[in-house]
Structures are given as C-alpha cells and as structure tokens.
Amino acid sequence: MKEFDVIVIGAGIVGLATSLKILEKNPRIKILLIEKEEGVAKHQTGNNSGVIHSGIYYKPGSLKASNCLLGYKMLLEFCRENDVKFDICGKIIVATDKSELSRMEDVLERGRQNGF
C-alpha cells in the first residue's frame with residue numbers, strides 16, 4: 001500500500017487549488033487526490049461562466065471586496081505564469097429603467113473606490 005502525506009477529497013477548484021498550494025510550499029509532499037467523477041472539474045467548477053469577478057458590487061474596504069480584488073490579481077498572475085489565456089474584456093452594467101439610474105451611480109463609485 002502506498003503512503004501519502006495528504007489526502008484531498010474532490011478535484012474541483014477548491015481541491016485542486018489546495019493541492020497546488022500544498023505542493024508549492026513543499027514539493028516533496030505526496031498527495032492523494034480523490035475524485036468520484038471520471039475527470040476533474042465536472043461540477044460547478046467546470047460549468048462556471050468563466051468570469052473573473054472584480055468585486056465591483058461590494059462595499060469598498062469590506063472583506064468581500066478585499067478578497068475579490070486579491071483573488072482577481074492572484075488569478076491573473078497564475079494565468080500569466082502558466083500561459084493560461086484570458087481576456088479582460090470589461091463589463092457592461094445597464095439600468096433597465098430610470099429608477100435604477102441612481103444605483104448605477106453607486107456601482108460606478110464603488111468600482112472607482114475598489115480600484116476599477
């Protein structure tokens with residue numbers, strides 16, 4: 001029977017990211033990654049929209065905004081380091097009627113305060 005230092009259950013984004021971070025810190029660690037499906041990212045991870053969220057809707061300075069911005073930067077860095085193609089194409093946010101115009105001003109201001 002083989003021996004492993006760490007067992008990670010689930011080969012979705014969380015399991016794969018956890019395994020990667022463990023190996024980055026100690027490449028000699030033996031990891032067993034267990035997945036019930038035939039391949040990785042077969043559920044939510046493989047069906048997401050592919051959007052890199054900027055945190056534009058979150059209150060500036062909040063934990064959600066900070067985590068979103070950090071994750072945004074980390075994801076772009078990972079993609080660049082690993083030659084993963086991505087496209088920063090922007091986002092269009094529209095009001096569907098006049099009553100939403102003040103909300104659009106709020107979103108714009110949050111975006112500016114969050115660095116976008």
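The values are calculated or read from the model by the stated rules, or taken from the named source; none is laboratory data. These numbers come from a predicted model, not from an experiment. Methodologically, a virtual Cβ is constructed for each residue, glycine included, from the backbone with ideal geometry; neighbour enumeration extends over all protein chains shown. Side chains are part of the model used for accessible areas, which takes the heavy atoms of the whole protein and leaves out ligands, DNA and RNA. Shrake-Rupley method; radii C 1.70, N 1.55, O 1.52, S 1.80 Å.
List every residue whose amide H lies under 5 Å from the amide H of VAL8, counting only residues 5 or more places away in sequence or on a different chain, with H placed 1.01 Å from N in the peptide plane.
Amide H neighbours of VAL8: LEU32, LEU33, ILE34.
Relative to the longest principal Cα axis of the chain, at what angle does helix 63-81 sit, 0 to 90 degrees, rounded to 10?
60 degrees
Quick one: if you stick a label point 7 Å off each Cα along the C-beta vector at LEU108 and VAL6, how many nm between them?
Those two pseudo-labels are separated by 4.6 nm.
When the accessible area of the chain is split by element with a 1.4 Å probe, what percent falls to carbon and sulfur?
Values: 5310 of 9530 Å².
Result for the chain: 56 percent of the exposed heavy-atom area is carbon or sulfur.
Report ³J(HN,Hα) in whole Hz for each residue of segment 7-13, in order, from the Karplus equation J = 6.51 cos²θ - 1.76 cosθ + 1.60 where θ = phi - 60°; Gly and Pro get x.
Per-residue couplings from phi come out as 10, 10, 9, x, 10, x, 4 Hz.
Per residue, what accessible area does the chain have, given a 1.4 Å probe and all protein chains present, in Å²? All intermediate terms of the calculation are to be shown ahead of the outcome.
On the way: 9530 Å² over 116 residues.
On a per-residue basis, the chain sits at 82 Å².
Where a Cα-Cα gap under 30 Å defines reach, which lysines qualify for LYS91, not counting those fewer than 8 residues away within the same chain?
LYS42, LYS59, LYS64, LYS73
With a cut-off of at most 14 other beta carbons within 10 Å, and DSSP calling the residue loop, which GluC sites (Glu not before Pro) in segment 23-52 qualify? Please list them.
Values: sites: GLU24, GLU35, GLU37, GLU38; in loops: GLU35, GLU37, GLU38.
Those satisfying the criteria are GLU37, GLU38.
What percent does the relative contact order of the chain come to when contacts are Cα pairs within less than 8 Å and at least six residues apart?
On the way: 93 pairs, mean separation 26.5, N = 116.
This gives 23 percent for the chain.
Between segment 76-116 and segment 1-44, what's the alpha-carbon centroid distance in Å?
32 Å
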